[in-house]
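The values are calculated or read from the model by the stated rules, or taken from the named source; none is laboratory data. If you're wondering where the values come from, they're calculated on a predicted model, not measured in any experiment. Heads up, the Cβs are rebuilt from the backbone with ideal geometry, glycines too, and the neighbour counts pull from every protein chain shown.
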Amino acid sequence: MNILASPLQIGAKTAPNRIVNQPMECNDADDVGNPSELTFNRYRKLAEGGAGIIVVEALTITRESRARKNQLGIDEKTAPTLERLLKEMRGMNSKPLILFQITHAGQLSGADFSRHVSVYPLPGKQTHILSEEEMDQIGDDFGRAALIAKQVGADGIDFKQCHGYLGGEMLRPVNTRKDRFGGSFENRTRFFCETMAKIKKSAGSSAFLLGARFSVYEGITGGFGTPGPAEVIEDLSEPLALVRIMEKAGVDYINVSAGIPAITPEIVRPTKNYPEGVYRHFGWAQAMKKQVRVPIIGSGYTYLRDGKNDLKEPDPGKKSFLYWAEKNLKEGICDLVGIGRQSLADPLFTRKILEGRSAEVNYCIACGSCSVLLRNQAKVGCPIYSESYKKLLKEVQKIRA
Ligand SMILES: Cc1cc2nc3c(=O)[nH]c(=O)nc-3n(C[C@H](O)[C@H](O)[C@H](O)COP(=O)(O)O)c2cc1C
C-alpha cells in the first residue's frame with residue numbers, strides 16, 4: 001500500500017488516509033447561518049470522496065462580524081442543522097474524520113453587512129478597535145462554539161489562525177497594542193493560548209481533536225513571519241516558536257498555510273504566475289514539522305495536478321500531486337497533504353487517486369474563478385466543471401464590468 005493510502009493516528013482518532021480536504025468556504029448558508037441544500041450537497045459529495053480528514057469550512061462564531069454574507073455559523077440556532085449535516089455525511093461514508101473550522105473574521109469582516117472590527121488601528125479605515133474585554137468575550141465564544149461542535153458530533157475543531165482573520169491578526173508584529181494582547185510575542189500569542197485553554201475546558205477530551213491552522217508567512221509589512229512591525233522579509237523565528245507553543249497548548253495537529261487571500265493570494269494558492277510557490281509550502285511544512293511531534297498538514301498541493309503544470313522540472317513524472325504527496329509523506333516533510341481548490345473541482349478526488357483512477361479526475365486548472373465568486377459574495381463552486389457555477393460567474397462578471 002502506498003503511504004498516501006495509509007492510516008494515521010491523530011490524538012485518539014485515526015484518519016483512514018493522508019489526504020485532507022482543506023476548509024473551503026462557499027458562502028451558501030441560509031440567512032441565519034444554517035447549511036442550505038447546496039451546502040448539504042457539497043458535503044455529502046465530499047464525504048463520498050473519502051478523504052482522511054474533511055475540514056468543514058470557516059464557521060463564524062458570531063453573525064455580528066463575519067467575512068461572508070452567507071457564511072455558515074456555529075451557535076445554538078444552527079446546531080441542529082450542523083448535527084444533521086454530520087449525520088448525512090457519515091451516512092455517505094463513516095470513515096473520514098470531520099472537523100469544524102471555527103473563526104472570527106476580525107478585520108476581514110464585511111462592513112456592508114456586519115460590524116467591521118480590528119485588533120489594532122488601520123490607517124485610513126473606519127473600524128472598531130476591539131477592547132480587551134471584547135477579546136475575552138470572543139475567546140469565550142470560541143469555547144462555546146467548540147462545545148457545540150462536540151455536542152453535534154464533530155470529531156474536533158480547527159481553531160483558525162490563518163489568512164488574515166482575527167487569530168492571524170493578533171499574531172502579527174504590527175499588532176502593537178499596549179495591553180496584554182499586543183506588543184511582545186508573548187502578548188501576541190496570549191489570545192491563542194488563553195482561548196485554547198477555554199476550548200479545552202469546555203470541549204476538551206481525548207476523543208475530540210483540537211487543531212489549528214496558521215499562516216507561516218503573510219507577505220505584508222509587519223505580518224506574521226517577519227521580525228518586526230516595519231519589516232517584510234521572511235523570518236521564521238516566530239512561526240517556529242508558535243508551533244511549539246501550539247503543541248504545548250494541547251493541539252492534536254497543526255495545519256500549515258501561508259499568506260492572506262485578500263492581499264497576498266499567490267502565497268496562499270500557487271498558480272502558473274508563480275508555480276514554485278508549491279516548493280515554498282513544502283519548505284514551510286518541513287520547517288514546522290521539525291519543531292513538534294504532533295502531525296503536520298501541508299497546504300498548496302492543488303496546482304501540481306497530474307503533472308500538467310508549469311514547474312520547471314524536466315521529468316513530468318516528478319511534478320505531479322501523486323509524486324510530491326508520496327515523496328513528502330515518505331520523507332517526513334509533513335504527515336498529511338491538504339487539497340483546497342481541487343476538492344471544489346472534483347470532490348471525489350481522493351477516491352479516484354487512491355483507486356489509481358487519476359485519469360478520471362476533473363483537475364483544477366487554478367483559474368481563480370472560485371475566488372472571484374467568493375470575493376464578490378456569490379455562492380462558490382467550480383465554474384469549470386459545473387454549469388450552474390459557470391452561469392453564476394458570468395452574472396458576477398457582468399455586474400462587475
Ligand atoms: C474559494 C475558497 C475558499 C476558501 N475557504 C477557506 C476556509 O474556509 N478556511 C481556510 O482556512 N482556508 C480557505 N481557503 C484556502 C484553502 O483552504 C487552501 O489553503 C488554498 O486554496 C490553497 O490550497 P490549494 O492549492 O490546495 O487550493 C479557501 C480558498 C478558496 C479558493
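Of note:
- Per the listing Gly228, Gly219, Gly250, the residue uniquely in a loop (DSSP other than H, G, I, E, B) and within 30 Å of Ala203 (Cβ to Cβ) is Gly250.
Conditions tested, residue by residue: (1) closer than 19 Å to Asn255 by Cβ; (2) of a type in the set (Lys, Arg); (3) at pLDDT 95 or above.
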| residue | (1), (2), (3) |
| --- | --- |
| Gln286 | yes, no, yes |
| Tyr303 | yes, no, yes |
| Asn328 | yes, no, yes |
| Val337 | yes, no, yes |
| Cys370 | no, no, yes |
| Arg375 | no, yes, yes |
| Val380 | no, no, yes |
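- Any hit, the stretch 28-45, residues being over 20 Å from Lys379 (Cβ atoms) and touching a Leu at 6+ places or on another chain (Cβ under 9 Å): no
- Only one of the numbered conditions (1) touching a Phe, Trp or Tyr at 6+ places or on another chain (Cβ under 7 Å); (2) within 20 Å of Ser6 (Cβ to Cβ); (3) away from the ligand (no atom under 14 Å from the Cβ) is not met by Gly317, and that is (2).
- Every condition in (1) more than 10 Å from the ligand (Cβ to nearest atom); (2) under 18 Å from Cys364 (Cβ atoms) is met by His281 except one, and the failing one is (1).
- Residues of the stretch 351-401 that turn out to be among the charged types (D, E, K, R) and in a loop (DSSP other than H, G, I, E, B), as a count: 3
- The residues of the stretch 259-296 that are under 21 Å from Val232 (Cβ atoms) and assigned to a helix (DSSP H, G or I), listed by number, are Pro265, Glu266, Ile267, Val268, Gly277, Tyr279, Arg280, His281, Gly283, Trp284, Ala287, Met288.
- Qualifying residue in the stretch 19-31 (condition: in contact with a Gly (Cβ under 9 Å, 6 or more places away or on another chain), away from the ligand (no atom under 16 Å from the Cβ) and not aromatic (Phe, Trp, Tyr)): no
- Note on the stretch 138-164: among residues that are within 13 Å of the ligand (Cβ to nearest atom) and under 16 Å from Phe100 (Cα atoms), the one that is surrounded by the fewest Cβ atoms within 10 Å (Cβ to Cβ) is Phe159.
- Any hit, the stretch 350-363, residues being crowded, with 22+ Cβ neighbours inside 10 Å and within 11 Å of the ligand (Cβ to nearest atom): no
- Residue match in the stretch 111-121 (condition: within 28 Å of Asn175 (Cα to Cα), surrounded by fewer than 19 Cβ atoms within 10 Å (Cβ to Cβ), over 20 Å from the mean Cα position of the chain (by Cα) and β-branched (Val, Ile, Thr)): no
- Taken together, Arg144, Arg172, Arg213 contain a single residue that is closer than 29 Å to Asn70 by Cβ, of a type in the set (Lys, Arg) and in contact with a strand residue (DSSP E or B) (Cβ under 8 Å, 6 or more places away or on another chain), which is Arg213.
- Of the residues making up the stretch 57-108, those that are buried (at least 23 other Cβ atoms within 10 Å of the Cβ) and among the basic types (Lys, Arg) are Arg66, Arg68.
- Subset of the stretch 297-320 [surrounded by 15 or more Cβ atoms within 10 Å (Cβ to Cβ) and either outside any loop (DSSP other than H, G, I, E, B) or outside the structural domain of Pro275 (by TED's automatic domain parsing) (or both)]: Ile297, Gly298, Thr302, Tyr303, Leu304
- Flag if Gln71 is farther than 24 Å from Ile297 by Cα and at pLDDT below 95: no
- Members of the stretch 33-50 that are touching a helix residue (DSSP H, G or I) at 6+ places or on another chain (Cβ under 8 Å), assigned to a loop (DSSP other than H, G, I, E, B) and of a type in the set (Gly, Ala, Ser): Gly50
- Condition check for Val256 on (1) among the β-branched types (Val, Ile, Thr); (2) under 23 Å from Lys13 (Cα atoms); (3) part of a loop (DSSP other than H, G, I, E, B): one failure, at (3).
- Qualifying residue in the stretch 295-307 (condition: more than 19 Å from Gly219 (Cβ to Cβ) and over 24 Å from the mean Cα position of the chain (by Cα)): yes
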